[in-house]
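Dropping a structure here in structure tokens format, bear with me for questions.
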Amino acid sequence: MPRVPSAAAAHIGARIATFRQRLVMTQDQLAVKAGIDSSNIRSYESGRAMMNVYSLVRISEALDVEPGDLLDGVASDMFTPARAGAQKSAG
């Protein structure tokens, strides 16, 4: 099963993929335009990795959208790691 660091990473990754596909752009083309390694773009889109703010801004510029467009719908509770049984009661 692929590792997903958080629901936020998966959500942002899906938004990146949606905007990229609307531009009929490949992941490799986005990588070149954003100056980010294509393996990182694949990891971001799949939700396996969360980018830093600088990378998020570079990706948004390459997609010609505002950084907030990629963050739309993200809430603080989405940053809890997605692990089965991660929340165990103490006691």
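What follows draws every value from the coordinates through simple rules; no lab data is involved. Values in this document were obtained by computation on a predicted structure and should not be read as measured data. Note that each Cβ is placed from the backbone with ideal geometry, even for glycine, and that neighbours are counted across all protein chains shown.
May I ask for the net charge around Ser55, where only other residues with Cβ less than 12 Å from the Cβ of Ser55 are counted and Lys, Arg are +1 while Asp, Glu are -1?
-1
HN-Hα J couplings of the stretch 19-26 from phi, Karplus 6.51/-1.76/1.60, θ = phi - 60°, integer Hz, Gly and Pro as x?
For the stretch 19-26, the Karplus curve yields 5, 5, 5, 4, 8, 6, 10, 7 Hz.
Based on the Cβ-Cβ distance from Gln29 to Glu66, what FRET efficiency comes out when R0 is 25 Å, to the nearest 0.05?
After rounding to 0.05, the efficiency reads 0.80.
Which net charge results for the neighbourhood of Pro67, defined as the other residues with beta-carbon distances under 14 angstrom from its beta-carbon, given Lys and Arg at +1 and Asp and Glu at -1?
Every neighbour counted, the sum reads -3.
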